[in-house]
Amino acid sequence: MFRWEKALSTLDVPAAAVLHLFRSMRDVQLALPGLPAQEASAYLCQYATARGVGTAAAFHLHKSSQLAFYLEAPHEVAADQAEAKLDQALVFVESMGFLLTDLDIQLLGAAERELLWSALPLQHGVQGSAAGAQAEELPARQSPRRLTAKPAAPAAPTLPASAAKASAVTNATPLTNPQQESIRQPVPSPAAEEQGQRAQANVDELLAAVEELRTRRSGLHARRPQPGPEELQRRRLELRKSLGRVLASL
């Protein structure tokens, strides 16, 4: 059974000794004995020791700014029992409502392993309890920049009622007649006119080519010679033979 080791606040293990490292995919509301319910992240680390392989589950309590390490006796086991111990730790952490993902630290190089391990709070603990308290006090204080007030703008001189009306009429924007606005037509630019002329010329050329093609086809039909009497007689005989074959096949 995993128990909370309150005397343990960090996991002083070098990055090279870390065998497996898991982290929760999302935070979960967690309530540990003696602490208020709060959002927490979960970690599961298995590492090599002088006497075998150790396994530790850690919960990062965000509001309390502390780590809670859970170990199971015996804490260190032989290498052939490390896999079974890791499965038990996974079941324990997931039973608390966390979904873990493997960070694959064992597949990284030495520099990348060191960078990942140092970025997590397991080795050096949570560095932010005092800073968090100061951050909570900051909103209550007012910065000097907020205390400095801007000088008030000089008040505008008051004018008599008649002068004020005259000024309003003078500064008013002249109204435009909607009918005049609708009558106005945009003037095409020279480039637009040239483009329109080119398009019309292309259309005219296309129509001329089509008309020429029609004329050629009609000329070909007109130049085709009419069949003579002998040709007509031969066509009639072929038609009669074809008609006889069709009737015989019925």
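The values are calculated or read from the model by the stated rules, or taken from the named source; none is laboratory data. Keep in mind that what you see is a predicted model, and the values were worked out from it rather than measured. All Cβ positions, even for glycine, are placed from backbone atoms using ideal geometry, and neighbour counts span all protein chains on display.
A few notes on this one:
- Counting the residues of the stretch 38-61 that are loosely packed, with under 14 Cβ neighbours inside 10 Å and either modelled with pLDDT of 95 or more or within 13 Å of residue 99 (Cα to Cα) (or both) gives 1.
- Across the stretch 79-98, the qualifying residues are those that are assigned to a loop (DSSP other than H, G, I, E, B) and at pLDDT below 95, and the one among them that is farthest from residue 1 (Cα to Cα) is 97.
- All positions within the stretch 101-121 that are part of a loop (DSSP other than H, G, I, E, B) and either within 27 Å of the chain's Cα centre (by Cα) or closer than 12 Å to residue 18 by Cβ (or both): 103, 104, 108, 120
- Given (1) within 24 Å of residue 29 (Cβ to Cβ); (2) free of Cβ contacts under 8 Å to residues at least 24 places away in the same chain; (3) in contact with a Ser or Thr (Cβ under 8 Å, 6 or more places away or on another chain), number of the condition residue 95 does not satisfy: (3)
- The single residue among 77, 93 that is surrounded by 17 or more Cβ atoms within 10 Å (Cβ to Cβ), more than 17 Å from residue 23 (Cα to Cα) and in contact with a strand residue (DSSP E or B) (Cβ under 7 Å, 6 or more places away or on another chain) turns out to be 77.
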